[in-house]
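Below is one structure, written out as structure tokens; comments come after it.
Rule-based calculations on the coordinates, nothing more; no lab input. The shown structure was predicted, so the numbers you read here are calculated from the model rather than taken from an experiment. Neighbour counts run over all protein chains shown; Cβ positions are idealised from the backbone, glycine included.
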Amino acid sequence: MCDNSLSVRFRQTGLRLTAPRRALIALLEDRRGEHLSAEEIHSALSAEGVTVNLSSVYRTLNLLVALGLVHRIDLSESHAHFGVEHGEQAHFRCEVCGEVSEVYVAGHAGLARRLQGLARERSFELTRFRVEAEGKCKRCALKEKTHKEGRCPDVQMMSPLKP
Ligand SMILES: [Zn+2]
Ligand SMILES: [Zn+2]
């Protein structure tokens, strides 16, 4: 049993774990590492037979964000997405398609150690950190590579812009 689970951490706040909150937390826990929009969470809960309206999904998510249990991330789409907060995580965001993947930077990793060292030097008490890294996802990088090499049939269709 993982003591670090979202529901355990929620109960530690002393707030009431109502049935809809419990269902929402369980869903986020199940889909750990993913980033779901409030609408996706709402429809997943409805599909499970949980009666909850969208505005209360938003309220619970905002509460979880305020408690530091969940983080919100703004993808290229207009709405925010929510994922379980771990304290030491990095997001790799593709600057082409906007896909975000999450990686965990464990306590023994060089990056975490370096940040902890820098924090100590400044007498800053580090509780959590998050790294946002931008680049190209595998798919987009590959697509770009094939375009550059002229192997992609679509690329021949496009005439280069000439003055
Ligand atoms: Zn995330
Ligand atoms: Zn991409």
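Structural remarks
- Equivalent ellipsoid semi-axes - Cα gyration tensor, segment 86-151, angstrom: 34, 11, 9
- Averaged over residues, the count of other Cβ atoms within 10 Å places the peptides 117-125, 57-65, 129-137, 29-37 in the sequence 57-65, 29-37, 129-137, 117-125, highest first.
- Theoretical gain in end-to-end length, Glu48 to Arg32 [0.36 nm per residue, Cα-Cα removed]: 4.0 nm
- Listed by chain and number, the aspartates and glutamates whose alpha-carbon sits under 18 Å from that of Lys143, ignoring those within fewer than 8 places in the same chain, are Glu95, Glu99, Glu134, Asp154.
- Label-point gap, in nm, between Lys143 and Leu126 - each point 7 angstrom along Cα→Cβ: 3.5
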